[in-house]
Amino acid sequence: MIDHLRIAEAQLRGRPRQTAIALASVGVGSAMLIVTLSLTTGLSEDFLKKTTESSANAEVLARRPQGWKPEKLPLPGEVVMALSRHHVPDEKRAIRALSGVLAALRSLPSVRVATPAVEAQAVLVYGTVRRSAALAGVVPELERAVTSLDTKIVRGSWAALSRTPDGVILGSQVARALGVDVGSHLQAVGPDGGGLPLKVVGIVASGLSQVDKTLALVNLPLAQGLAGLSTDQATTVRLALTDPVEATRVAREAEQRTGYVCRSWQEKNAASVEAFKRQNMITLALVLFTTLVAAFGVANVLVQLVADKRRDIAILRAAGFSRHDLGMIFLHEGVLLGLLGSAVGWLLGAVLIRVVAALPVDFGESALVRNEHLQMAEHPSFYFAAFGISVVVCALAAVQPARRAASLEPTAILRGEH
Amino acid sequence: MEVTTPVLVARGLTRRLGVGAGAREVLHGVDITIEAGEFVALVGPSGSGKSTLLYLLGGLDHPDAGSVEIAGEDLARVDDDTLAKLRNRLIGFVYQFHFLLPEFSALENVLMPLWARGGGRSREDRALGLELLGRVGIAEKAGKLPRELSGGEQQRVAVARSLVNRPKLLLADEPTGNLDSANANAVYELFRELNRDLGQTILVVTHDTDWAARSDRILRLLDGRVVGDERRREERA
Ligand SMILES: Nc1ncnc2c1ncn2[C@@H]1O[C@H](COP(=O)(O)OP(=O)(O)O)[C@@H](O)[C@H]1O
Ligand SMILES: [Mg+2]
């Protein structure tokens, strides 16, 4: 085996300034790649994590699946009868025969918890301040098994809701907007105009603006009353599953059993996930340009090196190195710059991730997700991706200079030096 | 006369150089035979085609017509890669300028031709390199970089390098053209010694009439043709 690497390495060491510039450009390029991957992945992971924390694995909705016909339901007969008997087109949108639906859902082996909820738009009134909210009536003890909102309580307590029939847990931004705190008394005005006195027992900060700006959790019977539903009706049933990854499959099963539409968390967030993916692709494409700039830097250094090393190339050829050997030497220089450059990039990237993660940020109240710091993700795959891309790009950048080195005619050089 | 294969047999070597209107024939059918152990000087005015001829004989360039055989191997009929291997095995080159690789020590430069065949790192190879540096008189400079050596020392390293593959034929293109007379004389003596002690076959292009006068045989080149071939056998033992 001919040690092309040995000559390649020596030539690079013989040109410390140019080598340092090439390494710096490769290093910056791959660090940018690492930091961008970290940032985009961090943002979407954080959004997804908070979203799944504050919503159920799957939700049964008060809607019939497309093409649904009562008589075709593969349900036990009495449930079908119960569902169809109560179905009157003019009535409010709701899941009817709630107890039957709950029983059907709870009989599914993948369903850990099924808990009903009534969701209704309401206006919260505190003194002269009015704020619209997404009022949700829940069974507090079951609800905490379905979402982890109970762990995001910042004031008051979750348990207080079960003890207080007229209690309400508010999203932190709702509470702030109204100017209320735990213990405050306020009014909820439902879609039909009826006023309902409520007492604040807890405040939740999920970090997700959508939730914190609108959340108002009350006990189920209260919401049923406000929405004009009976005690055997609800607008959704939320599910906690044994395996959240399987949620979409279970959702289809639940639709079969209940005759109501069921959405998995993946289906619910598909649009946001898609949006994040698209946005990340665009960002990455832009960052790849940085890598291309680094590639130009490497190509430039190597072209210069080949020009400076014409004599050495002639000597090596005369001594019995083949064209192929000369090409390999310069290709190795490209790969070497890629390897060392991405090592620089790893260090720089790791430092930058930590620096950016430590920077305090405030995107204001309109942001999708609220955080005090940017959520930087860090996976080995980012480093491997940057490494692979750098090495490949540098090797490609070396192809042209290597060809040039291989094509040089030693006699022309030896003659020219006379 | 002994029946041995000549080290070099060149027949009808023709070479055109340049492109388009500037193209012209630089060598017009050159025949040369060199026997093992000869010390031959190639002389001729500047531009007569000496370097061109040397590159053809050393397998660095392809002739337009004619053939070159070194130790029975036909250089004209092989591809570039094979030619590189033959150069590596059969030929040693010394140039007017002492082309050394600047990043490597004197010893590494001497061993460099062995790298081309994947060698040059064994204990034996290093011993050979040191022995050759000793033969050219600068064993103590083995670890020095070229820029730490004088011009004469660098040319000695180049001579040692040309010998490391134990070449059948040593080709030198005005090897002392760039040295002062003391250094030039030392290099000449070195060649003389190599020829006498090791039986090294040598072909030297030289302007130096002294050099020429002290060789076994003088080939004269004029306008791309061999116009003289004087053997002076009395100098041979
Ligand atoms: N690339 C080239 N194109 C045209 N003519 C060339 C080229 N290279 C060398 N020559 C000519 O070939 C002739 C022989 O050159 P060379 O072998 O270097 O002579 P020498 O070594 O005897 O001085 C010279 O006249 C030179 O001008
Ligand atoms: Mg010449």
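The values are calculated or read from the model by the stated rules, or taken from the named source; none is laboratory data. These figures come from a predicted structure and were not determined experimentally. So basically every Cβ, Gly included, is an ideal-geometry build from the backbone, and we count neighbours across all protein chains shown. To get the accessible areas, we keep the full protein, side chains included, count just its heavy atoms, and leave off ligands, DNA and RNA. Shrake-Rupley method; radii C 1.70, N 1.55, O 1.52, S 1.80 Å.
Just one of (1) over 30 Å from the mean Cα position of the chain (by Cα); (2) without any contact (Cβ under 8 Å) to a residue 24 or more places away in the chain fails for residue A:285. It is (1). Could you please find all residues in the stretch A:201-224 being among the aliphatic types (A, V, I, L, M), assigned to a strand (DSSP E or B) and at pLDDT 90 or above? The answer is A:201, A:203, A:204, A:215, A:216, A:217, A:218. Scan the stretch B:21-41 for residues that are touching a helix residue (DSSP H, G or I) at 6+ places or on another chain (Cβ under 9 Å), within 13 Å of ligand 1 (Cβ to nearest atom) and away from chain A (no Cβ under 14 Å) and the total you get is 1.
Out of the residues in the stretch B:79-93 meeting the condition of being open to solvent by 40 Å² or more (accessible area, probe 1.4 Å) and in contact with a helix residue (DSSP H, G or I) (Cβ under 8 Å, 6 or more places away or on another chain), tell me which one is farthest from ligand 2 (Cβ to nearest atom). Among residues in the stretch B:79-93 that are open to solvent by 40 Å² or more (accessible area, probe 1.4 Å) and in contact with a helix residue (DSSP H, G or I) (Cβ under 8 Å, 6 or more places away or on another chain), the one farthest from ligand 2 (Cβ to nearest atom) is B:81. Suppose the filter is more than 11 Å from ligand 1 (Cβ to nearest atom), surrounded by fewer than 18 Cβ atoms within 10 Å (Cβ to Cβ) and more than 14 Å from every other protein chain (Cβ to nearest Cβ); does residue B:66 pass it? Taking the combined requirement at face value, the residue satisfies it. Evaluate the following for residue A:353: is it more than 16 Å from ligand 2 (Cβ to nearest atom), closer than 30 Å to residue A:210 by Cα and modelled with pLDDT of 90 or more? The answer is yes for residue A:353.
If you scan the stretch B:109-119, which residues turn out to be free of Cβ contacts under 8 Å to residues at least 12 places away in the same chain and under 21 Å from the mean Cα position of the chain (by Cα)? B:115 - this is the single residue of the stretch B:109-119 that is free of Cβ contacts under 8 Å to residues at least 12 places away in the same chain and under 21 Å from the mean Cα position of the chain (by Cα).
For the stretch B:112-159, a residue qualifies if it is away from chain A (no Cβ under 11 Å), among the small types (Gly, Ala, Ser) and open to solvent by less than 50 Å² (accessible area, probe 1.4 Å), and the qualifying residues are B:122, B:129, B:134, B:137, B:139, B:142, B:151, B:152. Of the residues B:28, B:98, the single one that is closer than 16 Å to residue B:172 by Cβ and open to solvent by 10 Å² or more (accessible area, probe 1.4 Å) is B:98. Considering the conditions (1) of a type outside the set (A, V, I, L, M, F, W, C); (2) away from ligand 1 (no atom under 11 Å from the Cβ); (3) touching a residue at least 12 places away in the same chain (Cβ under 8 Å), residue B:44 is excluded by exactly one of them, (2). For the stretch B:152-184, the tally of residues that are β-branched (Val, Ile, Thr) and within 16 Å of ligand 2 (Cβ to nearest atom) stands at 1. Here the condition is being among the basic types (Lys, Arg), more than 16 Å from ligand 1 (Cβ to nearest atom), at pLDDT below 90 and under 25 Å from residue B:72 (Cβ atoms); of B:214, B:236, it holds for B:236 alone.
Confirm whether residue B:221 is touching a helix residue (DSSP H, G or I) at 6+ places or on another chain (Cβ under 6 Å), within 16 Å of ligand 2 (Cβ to nearest atom), away from chain A (no Cβ under 14 Å) and at negative phi. Against the criterion (touching a helix residue (DSSP H, G or I) at 6+ places or on another chain (Cβ under 6 Å), within 16 Å of ligand 2 (Cβ to nearest atom), away from chain A (no Cβ under 14 Å) and at negative phi), residue B:221 qualifies.
Is it the case that the stretch B:133-145 has a residue that's touching a Leu at 6+ places or on another chain (Cβ under 8 Å), part of a helix (DSSP H, G or I) and within 28 Å of residue B:61 (Cα to Cα)? No, every residue in the stretch B:133-145 fails to be touching a Leu at 6+ places or on another chain (Cβ under 8 Å), part of a helix (DSSP H, G or I) and within 28 Å of residue B:61 (Cα to Cα). Scanning the stretch B:96-109 for residues that are among the aromatic types (Phe, Trp, Tyr) and in contact with a helix residue (DSSP H, G or I) (Cβ under 6 Å, 6 or more places away or on another chain) gives a single hit, B:99. Filtered by the rule that a residue be open to solvent by 50 Å² or more (accessible area, probe 1.4 Å) and under 15 Å from residue A:220 (Cα atoms), the stretch A:139-165 gives A:141, A:142, A:144, A:162, A:163, A:165. Residue under question is residue A:230, and the condition is that it be without any contact (Cβ under 8 Å) to a residue 40 or more places away in the chain and surrounded by fewer than 24 Cβ atoms within 10 Å (Cβ to Cβ); does it hold? It is true that residue A:230 is without any contact (Cβ under 8 Å) to a residue 40 or more places away in the chain and surrounded by fewer than 24 Cβ atoms within 10 Å (Cβ to Cβ).
Would you say residue A:408 is away from ligand 1 (no atom under 16 Å from the Cβ), open to solvent by less than 70 Å² (accessible area, probe 1.4 Å) and within 14 Å of chain B (Cβ to nearest Cβ)? Considered against the rule, which asks whether it is away from ligand 1 (no atom under 16 Å from the Cβ), open to solvent by less than 70 Å² (accessible area, probe 1.4 Å) and within 14 Å of chain B (Cβ to nearest Cβ), residue A:408 comes out as no.
Filtering B:37, B:44, B:18 for residues that are within 16 Å of ligand 2 (Cβ to nearest atom) and within 25 Å of residue B:192 (Cα to Cα) leaves a single hit, B:44. Only one of the numbered conditions (1) surrounded by 24 or more Cβ atoms within 10 Å (Cβ to Cβ); (2) closer than 15 Å to residue A:320 by Cα; (3) within 12 Å of the chain's Cα centre (by Cα) is violated by residue B:60, and that is (1).
Being open to solvent by less than 70 Å² (accessible area, probe 1.4 Å), aromatic (Phe, Trp, Tyr) and assigned to a helix (DSSP H, G or I) is a property that residue A:321 lacks. Residues that are under 15 Å from the mean Cα position of the chain (by Cα) number at least 3 in the following strands (runs of 3 or more DSSP E) confined to the stretch B:159-237: B:169-173, B:202-205.
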